[in-house]
Amino acid sequence: QKDGYDHYMLKEIFEQPKVVKDTLAPRLPMDQDDIVLDNITLTKEVLEKINKIYIVACGTASYTGLVGKYLIERVARIPVVAEVASEFRYRDPIMDENTLMIVVSQSGETADTLAALRLAKQAGAHVIGIVNVVGSTISRDADDVLYTLAGPEIAVASTKAYSAQLCAMYLLSIKIAMELGKLSKDAFIELRKELYLLPEKVSQVLSQVDDIKALADKYINSKNVFYIGRGLDFAVSMEGALKLKEIAYLHAEPYAAGELKHGPIALIEDNSLLVGLTAHEELYDKTVSNIKEVKARGANVLAIALEDNKDISKIADDVIYVPRTHWMFTSLLANIPQQIFAYYISVGLGHDVDKPRNLAKSVTVE
Ligand code: F6R
């Protein structure tokens, strides 16, 4: 069942080119200049009245929400709040029929996410579910479902389902922008071209598995790992730190790079490890200057960068390069090295990668 891989997690990491293709291609038919989302009933008329979007989820799925917030606000110009469901459900959130809620869940059974969905429905909001498990409670209760076509995810730590969620979020944000007249047909055709190239670019990242394993071996004794990024990279850094915590049991913290000097930089000492994400190119110079500040305080720096930003190698101790794509889609490619890095640290430390301690695949109690 593991197809020759040592663990489900590694198998699922390597399934990602297919998962990305399966989630994107059926929604991007080449004979129509549009995104086709079969199960979405949200009409243009309702969408035009939407004045606020909530994206609600837990854990890794909530980081899909952070990417979604960034993209939808940038391309569709609607205010978006992305929030974890356990907080959202108890704060009497303000919703009405002009609110759109997007819930994100691999299992479709997460108790807090389901509770948030039910609150939204009570308030008359329209709910779209980005869900992996067909027929799950969230898929049944949402008004509309955009399925991630990732197939069953066995490893407790989410990898391929997260990548599929990002793809679904790319489709949804582009679709919303087009419906609202914020994105031209020509711009869409350019984006579609890039989306079609993503599976091959994911494969290119995966082909660096041996180099990334060597970096995991090099940094396996790190005690404190800091992940920093700005914009979309900040969302990616949240996922990188969570993956390291949950399967390698290492203390890892994500920070918005610009926040470091407001406190956390005091934690940096010789041999702390900093994973610096620099794939959100618009903010590259800003993040690089934060990385320099940390480097000057003795940290080891592992950077994740776009393939032609080679000058980062003068600052960082090590660099993992990912292929260039449209800025909207960098989060998918920048995250994959982090999955492989956490996987090999966990294996090297002798942990149960597929079933990390204290964790369950589906969290059906709050
Ligand atoms: C982390 C992980 C969890 C889940 C979270 C939500 O690798 O898997 O953080 O993302 O429990 O689960 P779903 O997506 O099933 O609602």
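The values are calculated or read from the model by the stated rules, or taken from the named source; none is laboratory data. None of these values were measured; they are calculated from a predicted model. Here the Cβ is made from the backbone with ideal geometry for all residues, glycine too, and neighbour counts use every protein chain on show. What goes into the accessible areas is simple: the full protein's heavy atoms, side chains included, and nothing from ligands, DNA or RNA. Shrake-Rupley method; radii C 1.70, N 1.55, O 1.52, S 1.80 Å.
Using the heavy atoms of the protein chains and a 1.4 angstrom probe, tell me the accessible area per residue for the chain in square angstrom. Provide the component values of the computation, followed by the final result.
Working: 14710 Å² over 366 residues.
Here the residues of the chain average 40 Å² of exposed surface.
Highest GNM mean-square fluctuation among 106, 208, 122, for the chain modelled with Cα contacts below 10 Å: 122.
Students sometimes get this wrong: rank 44, 314 by accessible area, probe 1.4 Å, all chains present, largest first.
Working: 44 90, 314 170 Å².
My answer, sorted largest first, is 314, 44.
If the chain linking residue 293 and residue 223 were pulled fully straight, counting 0.36 nm for each residue of separation and taking away their Cα-Cα distance, it would gain 23.2 nm.
Nearest 0.05, what FRET efficiency do residue 282 and residue 196 give at R0 = 35 Å with Cβ-Cβ as r?
On the way: r = 23 Å, r/R0 = 0.67.
According to the calculation, E is roughly 0.90.
State whether region 1-77 is rounded, prolate or oblate according to the following rule on the C-alpha gyration tensor (a ≥ b ≥ c being the square roots of its eigenvalues): a/c under 1.5 gives rounded; otherwise a/b larger than b/c gives prolate, and the remaining case gives oblate.
Details: a/c = 2.97, a/b = 1.60, b/c = 1.86.
Here region 1-77 falls in the oblate category.
What value, in deg cm²/dmol to 500, does the helix sum -39500 (n - 2.57) over DSSP H runs of n ≥ 4 give at 222 nm once divided by the residues of the chain?
Values: 13 runs with 156 residues, N = 366.
Per the formula, -13000 deg cm²/dmol.
Here the Karplus relation 6.51 cos²θ - 1.76 cosθ + 1.60, evaluated at θ = phi - 60°, turns the backbone of region 255-266 into coupling constants of 9, 5, 3, x, 7, 3, 6, 8, x, x, 4, 5 Hz, with x for every Gly and Pro. With 26 Å as the limit, the listed pairs 69/201; 2/223; 295/361; 21/185 have 2/223; 295/361 beyond it between alpha carbons.
For the residues 56, 134, 225, a GNM of the chain with alpha-carbon springs under 10 Å puts the largest fluctuation on 134. Modelled spin-label separation between residue 326 and residue 77, with each label point placed 7 Å from Cα along the Cα-to-Cβ direction: 1.8 nm. Summarising the amide proton neighbourhood of residue 146: residues at separation of 5 or more, or on other chains, whose placed amide H is nearer than 5 Å comprise 129, 130, 131. Heavy-atom surface analysis with a 1.4 Å probe gives region 77-146 a carbon and sulfur content of 48 percent of its accessible area. Quick check: from the Cα gyration tensor, does region 253-320 come out rounded (a/c under 1.5), prolate or oblate? Oblate is the answer for region 253-320, as a/c is 1.5 or above yet b/c matches or exceeds a/b.
So, with a 1.4 angstrom probe, what is the percent of accessible area on region 164-283 that is carbon and sulfur? Before the final figure, lay out each step's value.
Values: 2380 of 4570 Å².
Carbon-and-sulfur percentage of accessible area, whole number: 52.
Mean-square fluctuations from a GNM of the chain, with a 10 angstrom spring cutoff on Cα atoms, peak among 242, 47, 306 at 47. Spacing of the modelled spin labels on residue 313 and residue 187, each 7 Å from Cα toward Cβ, amounts to 3.6 nm. Region 10-74 and region 302-366 have Cα centres spaced 21 Å apart. In this structure, the pairs whose alpha-carbon distance is over 30 Å, taken from 218/292; 218/314; 182/310; 18/243; 52/261; 193/245, are 182/310; 52/261; 193/245.
Taking all protein chains as shown and a probe of 1.4 angstrom, residue 324 keeps an accessible surface of around 70 Å².
How much FRET efficiency would the formula 1/(1 + (r/R0)^6) give for residue 122 and residue 362, where r is the Cβ-Cβ distance and R0 is 35 Å, rounded to 0.05?
Details: r = 24 Å, r/R0 = 0.69.
About 0.90, to the nearest 0.05.
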